[in-house]
1. When you scan the range B:261-272, do you find a residue that is surrounded by fewer than 24 Cβ atoms within 10 Å (Cβ to Cβ) and polar (S, T, N, Q), even just one?
2. So which residues in the range A:233-249 are within 30 Å of the chain's Cα centre (by Cα) and either assigned to a loop (DSSP other than H, G, I, E, B) or more than 10 Å from chain B (Cβ to nearest Cβ) (or both)?
3. What is the residue count in the range A:16-38 for residues that are surrounded by 17 or more Cβ atoms within 10 Å (Cβ to Cβ), modelled with pLDDT of 90 or more and within 8 Å of DNA strand D (Cβ to nearest atom)?
4. Does A:H278 count as surrounded by fewer than 24 Cβ atoms within 10 Å (Cβ to Cβ) and within 11 Å of another protein chain (Cβ to nearest Cβ)?
5. Can you tell me which of B:G298, B:G273, B:G311 is among the small types (G, A, S) and assigned to a strand (DSSP E or B)?
6. Scan the range B:83-122 for residues that are among the polar types (S, T, N, Q), modelled with pLDDT of 85 or more and part of a helix (DSSP H, G or I) and jot them down.
7. Quick check on A:I181: is it among the β-branched types (V, I, T) and either exposed (fewer than 15 other Cβ atoms within 10 Å of the Cβ) or within 14 Å of chain B (Cβ to nearest Cβ) (or both)?
8. Does the range A:55-65 contain any residue that is assigned to a helix (DSSP H, G or I), modelled with pLDDT of 85 or more and surrounded by fewer than 16 Cβ atoms within 10 Å (Cβ to Cβ)?
There are 2 protein chains.
Amino acid sequence: MPPNGRRTTLADIAQAAGVSVATVSKVVNGRGEVAPHTRARVQELLHQHDYLAPVFRHTEAVGSPTIEVQFQGGLKSYVAETLEGIMDSAAEAGASVVISKVCRAPHWARDLASAGRRAVIAVTSVYTATHLRELARAGLPLVVLDPLHLPDSRVNSVGATNFAGGLAATRHLLSLGHRRIAYLGGPGMAVCNQARMHGYRAAMEAEGAPVPDACVRPGEFTYEAGLLGTAALLDLEEPPTAVFTGNDEIALGVIEAARVRGLRVPEDLSVVGFDDTHLAQMASPPLTTVRQPLREMGAAALRTALRLANGEKAESHHIELATELVVRASTAPPGG
Amino acid sequence: MPPNGRRTTLADIAQAAGVSVATVSKVVNGRGEVAPHTRARVQELLHQHDYLAPVFRHTEAVGSPTIEVQFQGGLKSYVAETLEGIMDSAAEAGASVVISKVCRAPHWARDLASAGRRAVIAVTSVYTATHLRELARAGLPLVVLDPLHLPDSRVNSVGATNFAGGLAATRHLLSLGHRRIAYLGGPGMAVCNQARMHGYRAAMEAEGAPVPDACVRPGEFTYEAGLLGTAALLDLEEPPTAVFTGNDEIALGVIEAARVRGLRVPEDLSVVGFDDTHLAQMASPPLTTVRQPLREMGAAALRTALRLANGEKAESHHIELATELVVRASTAPPGG
DNA sequence: CTGAAAGCGCTTACAG
DNA sequence: CTGAAAGCGCTTACAG
């Protein structure tokens, strides 16, 4: 809140605090010779007026903006490929990309802002109202990639057409002649997972295929979850002949679980993944999967972040890019 | 070259150029009203004296250093896992990590320096003498991770004990009873590949096992290379019963090539990878491989980069971390 | 096109 | 512990 568009100066603070510029300067530079209560009052005012020391000013002026990309957990294929899209798009725009794991120290957003970041892109991370407030206070725009929550008009986000993807995957299996198709999904409360599952349900219902409760299993987006989930499915009275999974990692677990039981993929069990990360192409057999345009999604997120950093509005607070079924070698008619 | 430790100021340049400070200021700020030849002379001097505008000075002063990590090609598992090590270590040290793809515009090194980078970490990238000179001129230290060239005392690098890894992998196969073991490697001129291959050769020779030329194939570090190489190996008069590969991606290609021919892994063909990326754990069957401590290597590179950025010396210009054989399900005695 | 001069934001040695 | 004053590096309106 500098008076009229001007930067806040030490003189502004000095006047507001009723002390000399020299004293304010000492506080800013952490010199010792200031009375504690004077120091406290001045610090409070510096904070309120959003004072930025000259050394940090480049932050706002410089032409090449820096975007912070945060993610949780490991740098998995999904994140890596999204990141590539972000990087390519940033290189084109002359922007820099800083990566970090989500870690919320007391003033994380303010710290990012004063380190020169102009916007934050969060990859599949949970953001609460508190985080949003921190970010807003620091003046940092946020773009969420593959949001875990429902699109919220206060947050800008980029996703993919998950429902359509679930529908396409399931229809593909149905068209091959499968009827007993299971869904081995991700966390139950993640919207992307819910949409994929409902796409699956919609396709099954349209075909009049039964969906027993035991055939729809939420879980984690991991290989281990695929391994365990498949074991449970294959122990069923009437095991499925095909499994549609929440992502490629789960699908790889399914393939391995089948192998361990002496089942061949796709002859004895068909498997469809989701994402089309490199994992899908390098699986044995190569995985039929629903492609998410991860690079394009990353690129879109970066462009939106840059626009917001520039004070412009995003065209829409949420955009979704199209998914697409990619048929490879892990699906075949049942009873090979 | 500021006189005596002091920063170069506009006054220094003005004096050297025999013009007023005002004129130099105009040149720095790109204002129009300066004669072309005056502008040229001043610009030359600014460059020579390494003048840095106040807005950019934070670059050198600030406590939280920024490290640029560059890599070539895609953000593959190998790079992603190394990057995780770099990030964790950076978070601990309060440093920031900027990622970018190698792309060498005219003044790339100088541009990085003036954008505030304090060091560069190159992941498996080729650096020529010219690049090194650019970097040196910009005052930017370099650490190469998994160098493609032989350790050079002018470059700081971090690697792994590749020869020992090749030896361990091959011994493992020999101890299972294999004699016809092939090596499907990476690029012939990459030192890491050479070391792995010589480890393989050393183990074979020690055992008196023959190494026919057709059984040692250099190639790319890719799935496709694994696919193609295996096809060639299996077409041999006496095909190998086991394949040791230059990295995990190649190994996944081998597994798929075997499957396509109706061969089971490990019953009909044993496969050993290299790296122990996530790919290895998620393969079907899970891959026996030589673990490179990628996170630790990344962490070591970051620490070295920070030390160099600080003007300290690295303890050694090249360090190697230990590799370790990880036995999973892709290896078994021959003729299962 | 150039530079003397006024001025700005900041720091610091020093008097109180 | 505080602030008046000198000074530094830079910018800019203006006279030449």
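1. No: the range B:261-272 contains no residue that is surrounded by fewer than 24 Cβ atoms within 10 Å (Cβ to Cβ) and polar (S, T, N, Q).
2. Selection gives A:L233, A:A242, A:V243, A:F244, A:T245, A:G246, A:N247.
3. Number satisfying all stated conditions: 2.
4. Against the criterion (surrounded by fewer than 24 Cβ atoms within 10 Å (Cβ to Cβ) and within 11 Å of another protein chain (Cβ to nearest Cβ)), A:H278 qualifies.
5. Within the list B:G298, B:G273, B:G311, the selection yields B:G273.
6. B:S89
7. No, not satisfied.
8. no
The values are calculated or read from the model by the stated rules, or taken from the named source; none is laboratory data. Being a predicted model, the structure only gives us computed values, none of them experimental. Note: ideal-geometry Cβ built from the backbone for every residue, glycine included; neighbour counts use all protein chains shown.
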